[in-house]
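Read the structure below first, then the notes.
The values are calculated or read from the model by the stated rules, or taken from the named source; none is laboratory data. In this text the structure is predicted, and so the values were computed from the model without any measurement. Every residue, glycine as well, gets a Cβ built from its backbone with ideal geometry; the counts of neighbours run over all protein chains shown. Calculation scope for accessible area: heavy atoms of the full protein, side chains included, ligands and nucleic acids excluded. Shrake-Rupley method; radii C 1.70, N 1.55, O 1.52, S 1.80 Å.
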Amino acid sequence: NAGVTQTPKFQVLKTGQSMTLQCAQDMNHNSMYWYRQDPGMGLRLIYYSASEGTTDKGEVPNGYNVSRLNKREFSLRLESAAPSQTSVYFCASIGMGQRNQPQHFGDGTRLSIL
Amino acid sequence: SQQGEEDPQALSIQEGENATMNCSYKTSINNLQWYRQNSGRGLVHLILIRSNEREKHSGRLRVTLDTSKKSSSLLITASRAADTASYFCAGTSGGSYIPTFGRGTSLIVHP
């Protein structure tokens, strides 16, 4: 099993460009999450999807949109990238019986916006 | 907002020594989780301890939870250079199953 797969691994954008970060999990998990990790800030939740067909805002949703394409895939879109969105983005998922279950993380997308 | 705050922010030890990291949290928790992150990689789950548990073990890892003090500790015994990583605690509280992460402890184990 691959677990949680994120693409791309690295990306450099210019201010104002748009792009979509892809995430897919092969563990049949119901809920999926997008975090950003900045130096000294830990992980901050951007958006999450408790189940297929639902999405909700997290702590820092401004400037982002998400799509839960199906049970496996959860994408994060930057419509007009800003330098403040330079960060490492992680996707995660949780299995059935979400309470008291750990999160499974992908290896991240390192995004630089010039 | 962060449910967990790790202490110390950085820890440097020699191989074979024990490493202890602490986590304090603000509100009552359902569970507290510890994760490891190697450089350039995603977080990997280590141990989950529920609010009604006081201690859990996994190999060289020992986690304790003191709900009266709103704190947890992660002990790594007989550390190895491969334990070099950042360690995060994350708590879930109330009706939410989504963990809130602290800023992490950076552990360096010198060979």
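Tabulated results
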{"quantity": "Some residue of the stretch B:41-60 being over 10 Å from the mean Cα position of the chain (by Cα), more than 13 Å from chain A (Cβ to nearest Cβ), closer than 26 Å to A:ASP107 by Cβ and open to solvent by 50 Å² or more (accessible area, probe 1.4 Å)", "calculated": "yes"}
{"quantity": "Search result, residues across the stretch A:72-104 that are at pLDDT 95 or above and farther than 10 Å from A:CYS23 by Cβ", "calculated": "A:ARG77, A:LEU78, A:SER80, A:ALA81, A:ALA82, A:PRO83, A:SER84, A:GLN85, A:THR86, A:SER87, A:VAL88"}
{"quantity": "Condition check for B:SER72: more than 11 Å from chain A (Cβ to nearest Cβ), among the small types (Gly, Ala, Ser) and either within 24 Å of A:GLY3 (Cβ to Cβ) or more than 13 Å from the chain's Cα centre (by Cα) (or both)", "calculated": "no"}
{"quantity": "Residues being open to solvent by 40 Å² or more (accessible area, probe 1.4 Å) and within 30 Å of A:SER31 (Cα to Cα) - total across the stretch B:70-83", "calculated": "1"}
{"quantity": "When residues of the stretch B:94-111 are limited to those that are hydroxyl-bearing (Ser, Thr, Tyr) and surrounded by fewer than 19 Cβ atoms within 10 Å (Cβ to Cβ), the one farthest from the other protein chains (Cβ to nearest Cβ)", "calculated": "B:SER106"}
{"quantity": "Of all residues in the stretch A:1-54 being under 28 Å from B:GLY4 (Cα atoms) and β-branched (Val, Ile, Thr), the one that is farthest from the other protein chains (Cβ to nearest Cβ)", "calculated": "A:THR54"}
{"quantity": "For B:ARG41: the one exception among (1) over 19 Å from A:GLN101 (Cβ atoms); (2) outside any loop (DSSP other than H, G, I, E, B); (3) free of Cβ contacts under 8 Å to residues at least 60 places away in the same chain", "calculated": "(2)"}
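The rows are residues; the columns are (1) part of a strand (DSSP E or B); (2) under 21 Å from B:LEU32 (Cα atoms); (3) within 14 Å of chain B (Cβ to nearest Cβ); (4) touching a residue at least 40 places away in the same chain (Cβ under 8 Å).
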site	(1), (2), (3), (4)
A:LEU76	yes, no, no, yes
A:ALA81	no, no, no, yes
A:SER84	no, no, no, no
A:VAL88	yes, no, yes, yes
A:CYS91	yes, yes, yes, yes
A:ASP107	no, no, yes, yes
